[in-house]
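Scroll down for the structure; my scribbles are underneath it.
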Amino acid sequence: MNAISPTDDEIRRRVVDRVIDVGGEVLDVKVAHGAVRLRGRVGEPGEMALAGKLLRQVDGVDSVVAQFTLLDEVSKEPTRG
C-alpha cells in the first residue's frame, strides 16, 4: 500500500493547528514541497521549543525554519530583547 503524501496546503493547515494548540499565533507561514517557513508569537519561551518540535512531527514536513517572538501579557504585542 502506497501512502499518499499530504499536499502543501494540508501541511500548512496542520502547522497552523499545531502552533494554535500551544497557545501561539501564526503571523506568516509558507510551505513548499514540505519545507516550512513560519513567523509566529507565543506566550512563553518554553512554547517556542515545543512549537518547533511539534512542527517537525507534522506528516509531510521535511524541514522547518521558524521564528517566534513572545507576546507581552499586558499589551499582547511582541516583546523586544
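Helix 45-56 sits at what angle to the longest principal axis of the chain, using alpha carbons and giving 0 to 90 degrees rounded to 10?
For helix 45-56, the angle is close to 10 degrees.
So if the hydrodynamic radius of the chain is defined as the Kirkwood radius over C-alpha pairs, what does Stokes-Einstein give as its diffusion coefficient at 37 °C and 0.692 mPa s, in µm² per second?
D = 253 µm²/s.
Under 13 Å from a label point 7 Å along Cα→Cβ of SER63: give me every residue in region 1-33 with its amide N that close.
Hits in region 1-33 for SER63 at 13 Å: 32-33.
For the chain, find the longest principal axis of its Cα atoms and tell me its angle to the long axis of helix 8-21, 0 to 90°, nearest 10.
Relative to the chain, helix 8-21 is tipped by roughly 40 degrees.
What is the sum of charges around HIS33, taking Lys and Arg as +1, Asp and Glu as -1, for the other residues whose C-beta is under 15 Å from the C-beta of HIS33?
Charge balance in the 15 Å sphere: -2.
Full extension from SER5 to ARG56: what is 0.36 nm times the residue separation minus their Cα-Cα distance, to one decimal in nm?
Stretched fully, the SER5-ARG56 segment lengthens by 16.8 nm.
What does DSSP give for the chain in terms of the percent of beta bridges that are antiparallel, rounded to the nearest 5?
Roughly 50 percent of the beta bridges in the chain run antiparallel, per DSSP.
Each reported figure results from applying straightforward, stated rules to the coordinates on display, with no laboratory input. Predicted model, so just to flag it, every value in this text is computed and none were measured. Neighbour counts are summed over all protein chains in view; Cβ atoms, including those assigned to glycine, are modelled from backbone coordinates with ideal geometry.
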